[in-house]
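Chemist: Mind looking over this structure? Questions follow.
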Amino acid sequence: MLSSFVEAGLRSAWPLQCTAAAQRNRQLIGASIADDLSMTVRYVVGSLLVVIGLVSLLWGGFRWTQQKTVVDIGPIEAKTEEHKTLPIPPVVGALALIGGIVVLVVPSRRRA
């Protein structure tokens, strides 16, 4: 019975304990989480740009092989391999590489 009175007292005192400092701490925690998330997004985007730029400059684009079924008659099946290419111009690769390096190296602007 005493514990229910103590719990009721704590619950009624909770709004009084929620001061401006506690709200400010919550805002700071939210800001740090948002800041970490934006840094993560920056690193992912920068890394993708660097990889795309390097692949474009070193291999001239993306190449892959796709198997295609030509004939499928019961147990007899004939397949062929089809080579596909997605060419990326060297200028685009160089711009992607430079842009990725800039995104990774240049510090983000801090708002006051």
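The numbers here are math on the coordinates, done by the rules we state, and not lab data. Since the model is a prediction, treat every value here as computed from it, not as a measurement. As a convention, Cβ positions derive from the backbone with ideal geometry for all residues, glycine included, and neighbour counts pool all protein chains shown.
Chemist: Given H placed 1.01 Å from N in the peptide plane, which residues other than close sequence neighbours of Phe62 have an amide H under 5 Å from its amide H?
Modeler: Leu86, Ile88
Chemist: Let me ask something additional. What is the fewest-to-most order of Val70, Val103 by other Cβ atoms lying within 10 Å of their Cβ?
Modeler: Ascending number of Cβ neighbours within 10 Å: Val70, Val103.
Chemist: Test of understanding: ordering Arg63, Arg42 by Cβ neighbours within 10 Å, fewest first, what list do you get?
Modeler: Arg63, Arg42
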